[in-house]
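Every read-out reported here was derived from the displayed coordinates using simple, explicitly stated rules and does not represent laboratory data. It should be emphasised that the depicted structure is a prediction, and the values quoted were computed from it without experimental measurement. Cβ coordinates were reconstructed from backbone atoms using ideal geometry, including for glycine residues, and neighbour counts include every protein chain displayed.
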Amino acid sequence: MRMYDLIYTKKMGGALTPEQISYWARGAAQGTVPDEQSAALLMAICWQGMTIDETLALTLAMRDSGDRVDLSSIPGVKVDKHSTGGVGDKTTLILGPIVAACGVPCAMFSGRGLGHTGGTVDKYAAIPGLKVELTVEEFKASLRTTGFANSAQTGDIAPADRKLYALRDVTATVESIPLITASIMSKKLAGGSDALVLDVKSGGGAFMKTLDDSRALAQSMVNVGKAHGMKIKALITRMDEPLGWAIGNALEVMESVEILKGQHGSSDLAQMSFRLAAEMLVLGGVATTLAEAQAKVAAVVANGQAMDVFRRWTTFNGGEAAALDDFSRLPQPGQIVEIKATQPGHVHAIDGRALGLLGMELGAGRKSKDDVLDLGVGIALLTGVGRELRPGDTAFRIYAKKGARIDPEAYLQCLTLAPQPAQAQPWLLETVE
Ligand code: URA
């Protein structure tokens, strides 16, 4: 088989066979296919797309390029959640303990952040002592003992995806529906869960900017999951402004804990986390209707059981659970700077992507994958779409390194103000199953 022929076929709009796709994925993982040929094929796929059969074959080939986690020894329907990534998205920290407290084993592998979006693993790293990279045995022990397991990817899962994702990142070939589908679903299938809820972000702060593209991506991932016997459902959610008030690792732990303790219950972040958790309970088989699942979610937040799971899980994985009740034990910033509005107006839009990039400049996110984060820095957003600002009102509180220079204008430019009141937009756009 020659890579040249694969590239030529795809360039001309033809379809690749499962054998050709498997040859490529294996070769990419083992280093026997040169990067320039993989890059050329990736670009051809971006332009010409892939059929459902090709997408399925690529998903399987990437899944089979590395280890697979076997969770069959743990009783129950193991449920996972994946989000395509957004600014301030800490739903994983909130829903994991909730789902476990409702009796469904919640098994999630998460990533580190790169660029304007944060990664769940980095948020957990803000809890002193917490082990965020578990072996498969440690992952299973956490799941068996606390009902919840969440770790950076363990073992050698989908090395073909690791290789191809790194190439996509530098060749402007990330935004392709079949490539995103195969990348995400290969890792999810290798992760060993029986059911998966997808949160596909749509809007200015997301990979998929339009509802049509988000719907196509959601449907593509649902099709692949179903073809492999997974119980799967996708929510398409709006990602324009940041989710919640916190951007930055320790701050996001604080906001998650506050929600698990019953605060900010009507916020989009809480509502989205509770809905995703409820969908997981339905797929996990402990509720037959969404309303029943939502009642269970509300009950474990109100009676403190979800927070108890979070404390137990933290302790089990070596973390200091006291930091969840005393935030002064979390990493602290070197200085706090308030940014006040200079113009009056109603907030019509907040540029989540730009705020994510400002958070990255503060040290909360990575510009390149080897950057070391400052877990105590970040941004607290003290306004929101639909709210009014008057000159002198604090719009942002910046948690920065000591001596860092903060440009208030860069933050204020993230707000779109207008004289007339604005309507807050719904966070849930559609569901796909
Ligand atoms: N996340 C992934 O893991 N892969 C993609 O291709 C895009 C987002």
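Please list, by residue number, everything in segment 73-114 whose backbone N is under 17 Å from a paramagnetic label point 7 Å out along Cα→Cβ of residue 292.
From segment 73-114, the list is 77, 102-105.
Can you sort 124, 8, 23 by how many other beta carbons sit within 10 Å, fewest first?
On the way: 124 24, 8 14, 23 19.
So the ranking, lowest neighbour count to highest, is 8, 23, 124.
Using only DSSP helix segments of four residues or longer, with each worth -39500 (n - 2.57), what per-residue ellipticity at 222 nm results for the chain after dividing by its residue count and rounding to 500? Mind dumping the intermediate values first?
Working: 16 runs with 188 residues, N = 433.
Rounded to the nearest 500, it is -13500 deg cm²/dmol.
What residue among 253, 170, 87 has the largest mean-square fluctuation in a Gaussian network model of the chain, using Cα springs under 10 Å?
Among 253, 170, 87, the largest mean-square fluctuation in the Gaussian network model of the chain belongs to 170.
Which of 407, 53, 199 has the fewest other C-beta atoms within 10 Å, and how do the rest follow up to the most?
Numbers: 407 11, 53 14, 199 26.
With the fewest neighbours first, 407, 53, 199 line up as 407, 53, 199.
Starting from the Cα-Cα distance between residue 226 and residue 405, subtract it from 0.36 nm times their residue separation and give me the gain in nm to one decimal. Mind showing how you got there, number by number?
Numbers: separation 179, 0.36 × 179 = 64.44 nm, distance 5.05 nm.
Once the chain is fully extended between residue 226 and residue 405, it gains 59.4 nm.
Amide H neighbours of residue 395 under 5 Å, at least 5 residues apart or on other chains, H built in the peptide plane: list them.
Those lying under 5 Å, H to H, from residue 395 are 339, 340, 341.
Calculate how many DSSP beta bridges within the chain are antiparallel, expressed in % of all such bridges and rounded to the nearest 5. Before the final figure, lay out each step's value.
Details: 23 of 43 bridges.
Percent antiparallel among DSSP bridges in the chain is about 55.
Select from 100, 57, 227 the residue whose mean-square fluctuation is largest in a Gaussian network model of the chain (Cα-Cα springs shorter than 10 Å).
227
Points 7 angstrom from Cα along the Cβ direction at residue 302 and residue 72: gap in nanometres?
4.1
Please find, in a Gaussian network model of the chain (springs between Cα atoms separated by less than 10 Å), the residue of 107, 126, 216 whose mean-square fluctuation is greatest.
216
Taking the Cβ-Cβ separation of residue 141 and residue 19 as r and a Förster radius of 41 Å, what is the calculated FRET efficiency to the nearest 0.05? Don't skip to the answer; put the middle values down first.
Details: r = 39 Å, r/R0 = 0.96.
According to the calculation, E is roughly 0.55.
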